[in-house]
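J.: I'd like to ask you about the structure that follows.
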């Protein structure tokens, strides 16, 4: 499932995340809300935080398995 | 005729606030594009929109330029602000208005304009 793929990719990329969640927003398996709170984002601008998440999810974004992605990121400080 | 990449770069460079979106402000075709427009409007931004739906190449060329994979994409004075989530978040914190104030002045116009790209 796409949701599991997204969770696996994010978990691998942000191993020490304080919070990491993937929500299927519409129940249709292609609209997702992801939330990542990690010290990896400390001191990183919001746009670069989102860029990192987009990079981690580049494959499912490019192949169309993610139709819509909402991102919420935060550092820990 | 200018290439698609040139036309997109021109819009990003020349428009105070450029929004690449699905549809137009009159007929928004995507919830995220709607969210970005709402936040910009509430922050008192002038808005120039480009519809990416007429041709998939628009989105491809745009993402190649910006390095940002999703739609919408919001630019202020040539600089990528982000997509709908960031635009909403910056609006909620007041930073969007600050950014617009410093980039465009506090007494800016709030015109809404639609640019149609020429497709070969």
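The values are calculated or read from the model by the stated rules, or taken from the named source; none is laboratory data. No experiment lies behind these values; they were computed from the predicted model shown. FYI the Cβ positions are ideal-geometry reconstructions off the backbone, even for glycines, and counts take in every protein chain you see.
J.: Would you mind finding the one in B:74, B:114, B:81 that is closer than 21 Å to residue B:25 by Cα, touching a strand residue (DSSP E or B) at 6+ places or on another chain (Cβ under 6 Å) and away from chain A (no Cβ under 12 Å)?
T.: B:114 is the lone residue from the list that is closer than 21 Å to residue B:25 by Cα, touching a strand residue (DSSP E or B) at 6+ places or on another chain (Cβ under 6 Å) and away from chain A (no Cβ under 12 Å).
J.: Still on this model: Looking at (1) closer than 16 Å to residue B:82 by Cβ; (2) surrounded by 20 or more Cβ atoms within 10 Å (Cβ to Cβ); (3) out of contact with any helix residue (DSSP H, G or I) (no Cβ under 6 Å at 6 or more places or on another chain), which is the only condition residue B:38 fails?
T.: (2)
J.: Show the residue pairs meeting these rules: Cβ distance below 8 Å; 6+ apart or different chains; first residue within segment A:1-21 and assigned to a helix (DSSP H, G or I); second residue loosely packed, with under 15 Cβ neighbours inside 10 Å.
T.: A:2/A:29; A:3/A:29; A:9/A:59
J.: What is the residue count in segment B:60-71 for residues that are crowded, with 18+ Cβ neighbours inside 10 Å and touching a residue at least 24 places away in the same chain (Cβ under 8 Å)?
T.: So the count comes out to 4.
J.: Would you check if residue B:31 is surrounded by fewer than 20 Cβ atoms within 10 Å (Cβ to Cβ), over 14 Å from the mean Cα position of the chain (by Cα), within 14 Å of chain A (Cβ to nearest Cβ) and at pLDDT 95 or above?
T.: no
J.: Could you tell me whether segment B:98-109 includes any residue that is modelled with pLDDT of 95 or more, buried (at least 22 other Cβ atoms within 10 Å of the Cβ) and within 14 Å of another protein chain (Cβ to nearest Cβ)?
T.: no
J.: Could you look through segment A:4-29, keep only residues that are surrounded by fewer than 17 Cβ atoms within 10 Å (Cβ to Cβ) and in contact with a helix residue (DSSP H, G or I) (Cβ under 7 Å, 6 or more places away or on another chain), and pick out the one that is farthest from the other protein chains (Cβ to nearest Cβ)?
T.: Among those that are surrounded by fewer than 17 Cβ atoms within 10 Å (Cβ to Cβ) and in contact with a helix residue (DSSP H, G or I) (Cβ under 7 Å, 6 or more places away or on another chain), it is A:16.
J.: Let me ask something else. Could you list, in sequence order, the residues of segment A:30-77 that are in a loop (DSSP other than H, G, I, E, B), within 12 Å of chain B (Cβ to nearest Cβ) and either farther than 16 Å from residue B:84 by Cβ or within 13 Å of the chain's Cα centre (by Cα) (or both)?
T.: Of everything in segment A:30-77, those that are in a loop (DSSP other than H, G, I, E, B), within 12 Å of chain B (Cβ to nearest Cβ) and either farther than 16 Å from residue B:84 by Cβ or within 13 Å of the chain's Cα centre (by Cα) (or both) turn out to be A:45, A:57, A:63, A:64, A:66.
J.: Continuing with the same structure: Check whether at least one residue in segment B:17-25 is within 14 Å of another protein chain (Cβ to nearest Cβ), more than 19 Å from residue B:108 (Cα to Cα) and in contact with a helix residue (DSSP H, G or I) (Cβ under 8 Å, 6 or more places away or on another chain), and report yes or no.
T.: yes
J.: Examine segment B:72-84 for a residue that is surrounded by 21 or more Cβ atoms within 10 Å (Cβ to Cβ) and assigned to a helix (DSSP H, G or I), and state whether such a residue exists.
T.: Yes, because at least one residue in segment B:72-84 is surrounded by 21 or more Cβ atoms within 10 Å (Cβ to Cβ) and assigned to a helix (DSSP H, G or I).
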